Every structure is written in C-alpha cells, then in structure tokens.
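The values are calculated or read from the model by the stated rules, or taken from the named source; none is laboratory data. Because the structure is predicted, anything quoted here is derived from the model rather than measured. Here the Cβ is made from the backbone with ideal geometry for all residues, glycine too, and neighbour counts use every protein chain on show.
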Amino acid sequence: MRHIISVLLENEAGALSRVAGLFSARAYNIESLTVAPTEDASMSRMTIVTSGSEDVIEQITKQLNKLVEVVKVVDLSEAEHIERELMLVKVRAGAKEREDMKRIADIFRGRIIDVSDSTYTIELTGAGQKLDAFIQALDSGAIIETVRTGASGIGRGNRVLRA
Amino acid sequence: MDRIKGVELTGAEIVVRCLQEEGVEYVFGYPGGAVLYIYDELFKQDKVKHVLVRHEQGAAHAADGYSRASNKVGVCLVTSGPGLTNAVTGIATAYMDSIPMVILVGQVPTHAIGLDAFQEVDTVGITRPCVKHNFLVKNVADLAPTIKKAFYLATTGRPGPVLVDIPKDITAMPTEFLYPETVSMRSYNPVVKGHGGQIKKAVQLLLEAERPMIYTGGGVILSNASQQLTDFVRLTGYPVTNTLMGLGAYPATDKQFLGMLGMHGTYEANMAMHNCDVLVAIGARFDDRVIGDPKHFAQNPRKIIHIDIDPSSISKRVKVDVPIVGNVSEVLDEFLRLIRAGTQKPDAARLEAWWKTIEEWRGRDCLKYDRKSKVIKPQFVIEKLYEVTGGDAFITSDVGQHQMWAAQFYKFDKPRRWINSGGLGTMGFGLPAAMGAQMANPGATVACVTGESSIQMCLQELSTCKQYRLPIKIVSLNNKYMGMVRQWQEFFHGNRYAESYMDALPDFVKLAEGYGHRGVQITKPEDVEPALREAFKRKTELVFMDFLTDQTENVFPMIPGGKGISEMILSEEL
C-alpha cells in the first residue's frame, strides 16, 4: 500500500544521503522524496512517498527514527492529510494548438507561466492523480518536457509535526 | 568544564586532549600523511598509549576486542584513503555486533576535498551504512564537541561504532579548547526504561506459562545484565538458551542452561525454543542463524515477549505479542522487582513436566563425537582447552567450524569472555581481537581459537603481538580446509570441494618462530593436553599451536540455511 511519510531532520550535510542510503540498503521503495528547510533553518522537512506491506512500513518508520539526525517521523497516511505536488509541463503551442491548450490548462486550473511562439509552459499543482490526469488529457505528441517535484504532505486540522 | 582560557590548542592537540578527557587508555592505529599532526601530539604525551598494528583491519578488530573484553570504548586511529578502506571490514564487524567504538580518521585538507587528492576517499560515504553515525569535521571549533558526541553516541542506546573524519588542515588550526561535559541532541534520545504496563503484562504472561523459555542475546552482555539475567532465570526456574553473541551471559555449567541455540545450537535448546508456549527474547534479534525460516518458526503458536533497546529490532523478522523497548538491565530489574513483590509463582507441576520433556531432548546428547578417534578431533581440542584454562580464559575466535566448536564446547560462565564476530562473520577477527582483549586484561589468559584459513587473514598481527609482548595462545584447528565451506559443499553441493582446500600451507611452527614466537605442531590425540598445558604455562610468550585435526569432521547439529527446526541434521543420522 502507498504511504506518505513526513520526516523532520537536522538540516545538515549528508542527512539526505543517510535517508536515501537507508532506503537503498534495505531495499525499500521510494516513489518520491522531497526536502527543504523549514521555518527553523536548522531543520529540514522531508516527504517520502513509499509503498510496502504494513510490516515493511513499520520497519521504515523505525529505521528512519533510528537515524541520529532524524528528529521526528510521522506516517501521514495513517490519518487525514493533504498532499500536493507541483508540475511544470512544456507543451507544443503553435498557432493551431494555442486555443485548445489554454482551455485544457484552465480546466485543470493550470497557469501558463512562460510563452514562446511555439510553446507554453504550464504550472499545475495538486494531488498526484490530478497531475496524472492532466498528462492523460494532453495529446502525448503535445508534451515536450515535464518536471514534477514529488508530493509534499501535511496533516489536516490540528494534526501537526513539530520538534 | 575544562576550559583553558586564552590558550589556543591545535586541532591535533585537541584530539589528544579529548581522548585524555574520555579516559582512553589505548588507541589502536597506523600512521599516515593525513594524521601526522595527531601522531606528533600522541608522541608528546604518555597518557594515551598507541598500539601500532600492522594493517588497519587489525586496528579496528583490536579496538573492537578491547571493547568487548573491557566494557570500555575501543578507539582506533587511521589515515585517509587506504587507511580507512582497510579498516572498513573491522568497522562493519563492530557495527553488526553493536560494539561501542570511536574511529578517528585523517582526511585530505578541506580545500582538497572533492578534487581526487592523493589518498582521498569519501570516508563518510563509504562508512555510512556500517556505522551508528559519522561526522566530517569542517571547522576546528566543532572538533571537541564532535568527539564528545562520538563517544556519547557510541556508548548510549544500542551501542555501535562512530566515526569522525578529520581533514589534515583542521588538525593544524588553533582554537580555544573546551570539552563539553554533557551532550544534548534533540534528535537522539534513546529509551532506557521499559514501559511499566508492558512489563506487568509480560511478567503476568511469564508466570502463567506452561512451557516457558528464555532466549537471550548479545544485548544482555552489552547491557551488563548477566547478574539480573541469572537472578531472573534462577527465580523462575525456567530454561534458558544463549545465542552465539550471548554466550557467557548465563553460566553455561548451570543445569538450567540448554546450550547455544540456532543453526549449530543444541537439540534441546532449539526444541525448547520451538515448542515453548511463552518465549521471552532478551537483547536478541531472531536473526536467520538463530531461528532459520521465520515462517517455519511461526508455525507453532507461542506468545512472545521481546525486550530490546532498539525498536527496529522488534517485530523485524518475527511478530511479537509484548514488545518492551528499553535497556535490558533496567527492564530485568523491573521484572525481578515485580516477581519478588507478587504472590504468584510459576506452576510447579507444569514446569516439572516441561523440564521432563527438555531432559528427554537433552538425552539425545547432540554434541557427541567419536572419542576413540586416532586423529585429533577438533571438539576434543576445545574440551581440553576448557579444562586446561579452568574455563576462565578470554577466548576469541575467527569464523567457521572452529568458531562453532568453541561456542559449543567451551562452557562460558562469565560474560565478555567469548569474543567472536557473530553478525558479520569476519575471518581474520580472532588474532587482532585477542590483542585487544589482552591489552584490556593484562595478566589474564587469552586464547585465539582459529583455523589455518582464518588465521592467515590477519596473520601480520603476529608482529604486533611481538612488539607489545602479548602472550596470546593461538589454538589453530588445522584441517587444511576452509572447514565450514567444505561442510556446506559436502551437504549441499555434491561433495564438490570448489576452492576450499588450503594448498601450499606455510609451516606454522617456523612461521611463528619467524615472528619471534614459539610454535608447536600437534598431530596425535594423546599430545593435545600436554601441548596445551605446556603452552599455557608460558605466561610471557605467544605460543602458536598448530593442531592437525580430522579433515572431514563436521559441525553438528545443523539446521540448513533458510530451513526450519524439523530439518535439523544430527550427527548419528549421517
């Protein structure tokens, strides 16, 4: 099953490779991993999307907690949470396609953030499935380039992850 | 706080001052370009003694053996590049067995890092998966706090090796020396006390058991909880088994001890483990060499209580019913307190019936071997070693058949006397580990049980033994084969002995003499005991005993890898 795990860890050189190394050494899956400093610059927050049986997920959270630089770990998918991912898509948008492309972007609430005479670059934010749906909706020949950040997640309401 | 106001020390001086502050007695190491400033400072003082090994693997194993035999932190010091890569096997060995060590490593100067400088490797990267934690010191002001943290991390929680990578320019830079008295890390707070409710539940479950079993591992030794374990076992009257890493935690000569369990464990220990209805695992981790196939193990229903300081060891291979995260010694203290305070006692009749079954299993005499043999049986050598040393020696071993025979036939009554590489299974561990054990216990009897193959993997340390006059007794069971490899080839690979025969062996007697030691070869069973007696009389000399043993002897019982207990092979079945 898919799980989304949030990790608070010391913002130190090498902390990321400890987490990545743990996943490869123990043959755990990583679907995506995002990380950036928090409002407290000494700490980073990481969101890992992974999959595995309940036993494997239990081991993943225990092994993450065991890393000396990790402050806190929470499996967001255990309760209500929100996740978002950012995608930038560069599409063909010559005179013929421009209108259609604009309309599809609008339907998905994408924003066109760069324009050339033959391309648009569209910014789209949402849950992973929404980004997938947008890609599906486009003619595959229309896509020149895509880049996705991987999911970031946060608990709903009063559910917080702090040091 | 030890602050020298206004006086600045160089990084190298700080390193040595930190070691002094930590009360480090010995540093096992090997000099090289990146650590020259540190060696210069070691040279200028005599509080911290340096032991010059002949290969960095030896330094790491010696520091490891020192730690296991003394309950102190093992410290080693190696240079950058090949110095570190040579030490990696030793670091990984310590990591697998959770041995507290601090490894200080030289690195190329900070400005040269990443430029493929001479003797540069990514030390932090290479060692990351085989240390508890590691640090690269980029600022001399961080040096003392980092070393303090390294010692703290190595010894608290589940212990392990911690590495500090120190660039050469940092060791030459001056700064004010300030050694922190305490360490506080928001990201590192190991649990020590077990959960009260869980402990109550566990004790209740144990006292109601029909067929209870106590299974303990290296954690009991690391936690110095042998006394508590012994009290607990005696108080309950329950049977107990130790893992390979846990031998000595409970007196092996006691009736309640069923011997070692696992792949080469006794029939009675494995059967009791398999057929019990309540199992308490203490500082042990249900690894593949202990329970084999977890699915097979899970077939028999039983309630499991698991005490471990590392939450990730719990429910890793086997689902448990009552997990207790905490330091083994503190949790056992609580167990004892509750049992003594309560009125409930184990049901004597049911316990008696359980012991009757166990005694039947014990009656199989699973460790029997041919005592009338005309060639030396390896088991016989270990039995005699046990007798001659009065069961009171520090025994290190390498890896293979000799290791298993030592574990089966030397009855360890005290913790920290049995020193072997259980997790990583590192051939070459025995001799340097014996050096560390002897350094930690000058005057004590230290023997290295090894084989002709293992001993050759860190043979160069015979030279270190000479330099420091370490009177280690080497008991080499020479069957001219990598015995355990040969055994597996015989059982599972159609007797095809691919590359397991040790051709062109050296003359070990001359070899020992070449290093300035005494060497002796023993070829007949009747010479075994006299040779051992003669060797152990020599309190100041290293004696290399080359026992020519039965080439075809196998280790029994054996549960083949990945199999279950019902597939155990006993000697008489062959």
Would a scan of segment B:279-295 turn up a residue that is aromatic (F, W, Y) and within 14 Å of chain A (Cβ to nearest Cβ)? yes
Within segment B:349-371, of all residues that are in contact (Cβ under 8 Å) with a residue 12 or more places away in the chain and aliphatic (A, V, I, L, M), the one nearest to B:M271 (Cα to Cα) is B:I358
For this session: Would you confirm whether any residue within segment B:45-53 is at negative phi, touching an Asp or Glu at 6+ places or on another chain (Cβ under 6 Å) and surrounded by 23 or more Cβ atoms within 10 Å (Cβ to Cβ)?
Result: no
Only one of (1) β-branched (V, I, T); (2) in contact with a strand residue (DSSP E or B) (Cβ under 7 Å, 6 or more places away or on another chain); (3) exposed (fewer than 12 other Cβ atoms within 10 Å of the Cβ) does not apply to B:T343, and that is (2)
Tell me whether segment A:55-74 contains one or more residues that are over 19 Å from A:L131 (Cβ atoms), among the aliphatic types (A, V, I, L, M), away from chain B (no Cβ under 12 Å) and assigned to a loop (DSSP other than H, G, I, E, B).
no
Exactly one of B:T216, B:T230 is without any contact (Cβ under 8 Å) to a residue 40 or more places away in the chain, β-branched (V, I, T) and under 16 Å from B:K414 (Cβ atoms), and that residue is B:T230
task: Say whether the condition of being crowded, with 20+ Cβ neighbours inside 10 Å and small (G, A, S) is met by at least one residue in segment B:460-471.
output: no
Note on segment A:1-35: residues away from chain B (no Cβ under 14 Å), in a strand (DSSP E or B) and over 12 Å from the mean Cα position of the chain (by Cα) are A:R2, A:H3
Condition set acidic (D, E) and not in a strand (DSSP E or B), scope segment A:75-85, selection nearest to the other protein chains (Cβ to nearest Cβ): answer is A:E78
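For every residue, the table says whether it meets (1) hydrophobic (A, V, I, L, M, F, W, C); (2) touching a Gly at 6+ places or on another chain (Cβ under 6 Å); (3) closer than 21 Å to B:C366 by Cα.
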| position | (1), (2), (3) |
| --- | --- |
| B:Q521 | no, no, no |
| B:P530 | no, no, no |
| B:E541 | no, no, no |
| B:M545 | yes, no, no |
| B:T549 | no, no, yes |
| B:N554 | no, no, yes |
| B:M568 | yes, no, yes |
Selection over segment B:511-530 where residues are assigned to a helix (DSSP H, G or I), without any contact (Cβ under 8 Å) to a residue 60 or more places away in the chain and surrounded by 11 or more Cβ atoms within 10 Å (Cβ to Cβ) yields a count of 6
request  = Answer yes or no as to whether A:I48 is crowded, with 20+ Cβ neighbours inside 10 Å, more than 14 Å from chain B (Cβ to nearest Cβ) and touching a Phe, Trp or Tyr at 6+ places or on another chain (Cβ under 9 Å).
outcome  = yes
The number of residues in segment A:106-128 that are modelled with pLDDT of 95 or more and assigned to a helix (DSSP H, G or I) is 2
By residue number, the members of segment B:183-199 that are away from chain A (no Cβ under 14 Å), surrounded by 13 or more Cβ atoms within 10 Å (Cβ to Cβ) and over 19 Å from B:L222 (Cβ atoms) are B:H195, B:Q198, B:I199
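Per-residue answers, yes or no, for (1) surrounded by fewer than 16 Cβ atoms within 10 Å (Cβ to Cβ); (2) within 27 Å of the chain's Cα centre (by Cα); (3) within 14 Å of chain A (Cβ to nearest Cβ):
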residue: B:R302; (1), (2), (3): no, no, no
residue: B:K319; (1), (2), (3): yes, yes, yes
residue: B:V325; (1), (2), (3): no, yes, yes
residue: B:D347; (1), (2), (3): yes, no, no
residue: B:W355; (1), (2), (3): no, no, no
residue: B:R362; (1), (2), (3): no, no, no
residue: B:P378; (1), (2), (3): no, yes, no
Of those in segment B:224-241 that are within 17 Å of B:M273 (Cβ to Cβ) and part of a helix (DSSP H, G or I), the residue farthest from the chain's Cα centre (by Cα) is B:T236
